[in-house]
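S.K.: Structure incoming, see below.
The values are calculated or read from the model by the stated rules, or taken from the named source; none is laboratory data. Small disclaimer: the values here were computed from a predicted structure and weren't measured. Every residue, glycine among them, receives a Cβ derived from its backbone with ideal geometry; neighbour counts consider all protein chains shown.
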Amino acid sequence: MKKILLIVLVAIFSSCLQAQKLDSLLPVRGFCIAAPPPAGLDSFVTFIEKELAPRQVNTLILRVDYGYQYTSHPELREAQSLSKEQVKKLVAVCKRNNIRVLPQVNLLGHQSWAGRIGKLLEKYPQFDETPHVAMPANYKWPNADSLYCKSYCPLHPEVHKVVFDIMDEICDAFETNAFHAGMDEVFYIGDSKCPRCSGKDKAALFAGEVRTLRDHLAQKNRELWIWGDRLIDGKETGLGGWEASFNNTHTAIDMIPKDVMICDWHYERADKTAVYFAMKGFNVVTCPWRNPEVAVQQTNDMVSFRTQSTNSMKPRFKGMMQTVWSDAPSFLRGYYSNQTEQGSNNTQWHCFKALFDQINKLN
């Protein structure tokens, strides 16, 4: 009996040491995906237990948007929305496995997708930054209106009352101290026809929205996380208008609070922009998508940044986060079947496995 007890204690101690080492190596080991629909909840809870937890994922970002049964604004609910009780099942499994969970609601940009307008502008069309741009019957890119996704007007006097209600309710439901606001790929901002934004500096408008959201969250000691692409100069870096900004929002980086967490995404190359954000004073997480080789290189880079930086810079390099841009059921099908796409392993699930295999090797 004593021998068995000793073996158990040694195993526990060894596990604790390994976890401490991993936390030192990469404090954030994240996974970002759309929140599951109600019918897929149990499968996703199992995935957290059986796949995320054993890989020591410690941060889960769920892209909820309007897939929750909001009581503050029930008009914004999607048809298939999680109830409060169902969200609590997600919260419980994350607590059991020491996973910090953050809800995401896309704010400012991404208020439409392809030919479909999102719930916020559907129910509050007065918030639209570009009401003169009609949603096409058949969406194509490029198009004459430069329409990728709609944005809401950050200067509309009523928009933040709704936005703050949504932020507060979803953070309360997930019992979280952090919130992801998206804010990526904002192409419509400071439109020349907007009666409030016309002629105003686009960087100042973007920074103002970041500060507004950050300050509201800070009232309840909550952190703001955002994607970092709008804070990079797409022309100077050669990164283009998707991974970076072509509409002059990039100088907003010098106008926003340093306690905003930056999620720095690059999917085709291991671009080193995490260093740029850290030098500007921000905490930063590097985010791959579907290229396993890129994810491995980005992981090695992040560890190198942490180990080869000054004491001032080192803590700003926070870690890695796998991003998934499909719905949760589709990802789980691909993951468990280990399917390829056009004969290639460049898939979200292969990337996820490669990323966390590399983290395990480094640990």
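S.K.: Could you look through the stretch 171-201, keep only residues that are in contact (Cβ under 8 Å) with a residue 24 or more places away in the chain and assigned to a helix (DSSP H, G or I), and pick out the one that is surrounded by the fewest Cβ atoms within 10 Å (Cβ to Cβ)?
M.R.: Among those that are in contact (Cβ under 8 Å) with a residue 24 or more places away in the chain and assigned to a helix (DSSP H, G or I), it is Cys171.
S.K.: Something else about it: Among the residues of the stretch 197-211, is any among the polar types (S, T, N, Q) and under 18 Å from the mean Cα position of the chain (by Cα)?
M.R.: Scanning the stretch 197-211 turns up no residue that is among the polar types (S, T, N, Q) and under 18 Å from the mean Cα position of the chain (by Cα).
S.K.: To continue, here is another question. Considering only the stretch 168-191, state which residues are of a type outside the set (Val, Ile, Thr) and in contact with a strand residue (DSSP E or B) (Cβ under 6 Å, 6 or more places away or on another chain).
M.R.: Of everything in the stretch 168-191, those that are of a type outside the set (Val, Ile, Thr) and in contact with a strand residue (DSSP E or B) (Cβ under 6 Å, 6 or more places away or on another chain) turn out to be Cys171, Phe174, Ala178, His180, Ala181, Gly182, Met183, Asp184.
S.K.: Moving on. Considering the stretch 80-92 alone, what residues qualify as being within 20 Å of the chain's Cα centre (by Cα) and either more than 14 Å from Arg63 (Cα to Cα) or assigned to a loop (DSSP other than H, G, I, E, B) (or both)?
M.R.: Residues satisfying the conditions are Ser81, Val91.
S.K.: Further question: Is one or more of the residues making up the stretch 147-170 surrounded by fewer than 16 Cβ atoms within 10 Å (Cβ to Cβ), more than 26 Å from Pro257 (Cβ to Cβ) and of a type in the set (A, V, I, L, M)?
M.R.: Checked against the condition, which is being surrounded by fewer than 16 Cβ atoms within 10 Å (Cβ to Cβ), more than 26 Å from Pro257 (Cβ to Cβ) and of a type in the set (A, V, I, L, M), the stretch 147-170 yields no hits at all.
S.K.: Something else: Can you pull out the residues in the stretch 40-61 that are free of Cβ contacts under 8 Å to residues at least 60 places away in the same chain and not in a loop (DSSP other than H, G, I, E, B)?
M.R.: Across the stretch 40-61, the qualifying residues are Leu41, Asp42, Val45, Thr46, Ile48, Glu49, Lys50, Leu52, Leu60.
Table: residues versus (1) among the charged types (D, E, K, R); (2) out of contact with any strand residue (DSSP E or B) (no Cβ under 8 Å at 6 or more places or on another chain).
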{"site": "Asp264", "(1), (2)": "yes, no"}
{"site": "Asn283", "(1), (2)": "no, no"}
{"site": "Val296", "(1), (2)": "no, yes"}
{"site": "Asp327", "(1), (2)": "yes, no"}
{"site": "Tyr335", "(1), (2)": "no, yes"}
{"site": "Thr340", "(1), (2)": "no, yes"}
{"site": "Thr347", "(1), (2)": "no, no"}
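S.K.: For residues that are in a loop (DSSP other than H, G, I, E, B), buried (at least 16 other Cβ atoms within 10 Å of the Cβ) and not basic (Lys, Arg), tally how many sit in the stretch 202-234.
M.R.: Total meeting the criteria: 2.
S.K.: For the stretch 134-182, give me each residue that is under 24 Å from the mean Cα position of the chain (by Cα), within 19 Å of Arg116 (Cβ to Cβ) and of a type in the set (S, T, N, Q).
M.R.: Ser151, the sole residue that qualifies.
S.K.: How about the stretch 35-90: which of its residues are within 19 Å of Ile166 (Cα to Cα), surrounded by fewer than 21 Cβ atoms within 10 Å (Cβ to Cβ) and of a type in the set (A, V, I, L, M)?
M.R.: Passing the criteria: only Ala79.
S.K.: Now, a different point. If Lys200 meets every condition in (1) under 30 Å from Glu169 (Cα atoms); (2) touching a Gly at 6+ places or on another chain (Cβ under 9 Å); (3) charged (D, E, K, R) apart from one, which number is that one?
M.R.: If we test Lys200 against (1) under 30 Å from Glu169 (Cα atoms); (2) touching a Gly at 6+ places or on another chain (Cβ under 9 Å); (3) charged (D, E, K, R), just (1) comes out false.
S.K.: Hey, any hits in the stretch 1-15 for a residue that's of a type in the set (Ser, Thr, Tyr), at pLDDT below 95, assigned to a helix (DSSP H, G or I) and exposed (fewer than 14 other Cβ atoms within 10 Å of the Cβ)?
M.R.: Scanning the stretch 1-15 turns up at least one residue that is of a type in the set (Ser, Thr, Tyr), at pLDDT below 95, assigned to a helix (DSSP H, G or I) and exposed (fewer than 14 other Cβ atoms within 10 Å of the Cβ).
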